[in-house]
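Below is one structure, written out as structure tokens, with a few remarks after it.
The values are calculated or read from the model by the stated rules, or taken from the named source; none is laboratory data. Bear in mind the structure is a predicted one, so any value in this text is a computation, not a measurement. Every residue, glycine as well, gets a Cβ built from its backbone with ideal geometry; the counts of neighbours run over all protein chains shown. What goes into the accessible areas is simple: the full protein's heavy atoms, side chains included, and nothing from ligands, DNA or RNA. Shrake-Rupley method; radii C 1.70, N 1.55, O 1.52, S 1.80 Å.
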Amino acid sequence: MAKNILTKYGSKTTLTAAVESLASDTNLLAGIESSVIDNTTDGFADIIVSGKVTTGTSPTSARQIEVWAVAWDGVNWPDVFDGTSSSETITSFIIKTAICRVVAIMPVNSTSDRAYYFSGVSLRGAFGGCLPSKVVLFIVHNAAVNLNATAGNHEFSYYGEYPQLQ
């Protein structure tokens, strides 16, 4: 009897990324690293990330919030990353573009305390079809004001996908 391969989904998992009151950075290099997404045990075929970032009071229009993915190479994290939720400042724009993969770039307007969402972003796709064993998110913005100070106004999460015979 022929079997079908269906996509199954893991549970939603919340990531720690303390972006509340994160200062604006004109160079988009100083931000927050999330806790690690560790796929070494689950073995997901893909990991889907989503989130919400809320601006503070009176942000500047035509600026942006950026969410990036950074991969572990199996031995080390690149540049300043370490696999723990913490403040990080990437060494340079050149290094950022070499080690970070775009998850979301969200243009902001001047509306205070507005939530900006990204959803359904494939990490396999962000890394060109090859899902790393461990990944962190890196969040940075240049909205000219600190992000909203309430932790509950920001969220980062993921769930895994895996094939299953039916």
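Using a simple charge model, +1 on the beta-carbon of Lys and Arg, -1 on the beta-carbon of Asp and Glu, nothing else, what dipole does the chain show about its Cα centre, in debye to the nearest 20?
480
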Problem set entry | Within straight-line cross-link reach of residue 52, lysines at Cα separation under 19 Å, skipping those fewer than 8 residues along the same chain | 12
Seminar exercise, completed: For the pair residue 113 and residue 144, the simple spin-label estimate (label points 7 Å beyond Cα toward Cβ) gives in nm 2.1
Exercise. Can you list the trypsin sites (Lys or Arg not before Pro) in the range 1-81 that are in a DSSP coil and have 16 or fewer other beta carbons within 10 angstrom?
Worked result: 3, 12
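To the nearest 0.05, how large is the calculated FRET efficiency for residue 82 and residue 8 if R₀ is 30 Å and r is the Cβ-Cβ distance?
About 0.40, to the nearest 0.05.
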For this session: Name the long-range amide H neighbours of residue 116: under 5 Å, sequence gap of 5 or more, or other chain; modelled H, no Pro or chain starts.
Result: 53, 54, 55
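For residue 18, what charge total do you get from the other residues with a beta carbon under 15 Å from its beta carbon, if Lys and Arg give +1 and Asp and Glu give -1? Spell out each step's value before the answer.
On the way: positive: 52; negative: 20, 33, 82, 88, 155.
Taking every other residue near residue 18 into account, the sum is -4.
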Problem set entry | Anchor residue 96: aspartates and glutamates whose Cα lies under 19 Å away (excluding residues fewer than 8 positions away in-chain) | 25, 33, 66, 73, 79, 82, 88
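First compute the accessible area of the chain with a 1.4 Å probe, then give the percent of it belonging to carbon and sulfur atoms. Please report the intermediate quantities before stating the final value.
On the way: 4070 of 8060 Å².
It is 50 percent, rounded to a whole number.
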For this session: Only Cα pairs under 8 Å and at least 6 apart count here; give the relative contact order of the chain as a rounded whole percent.
Result: 48
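So what's the net charge close to residue 27: Lys and Arg +1, Asp and Glu -1, counting the other residues with Cβ under 14 Å from its Cβ? Before the final figure, lay out the partial values.
On the way: positive: 63, 96; negative: 25, 66, 88.
That works out to -1.
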Seminar exercise, completed: Result for the chain: accessible area per residue, probe 1.4 angstrom, in square angstrom, of 49
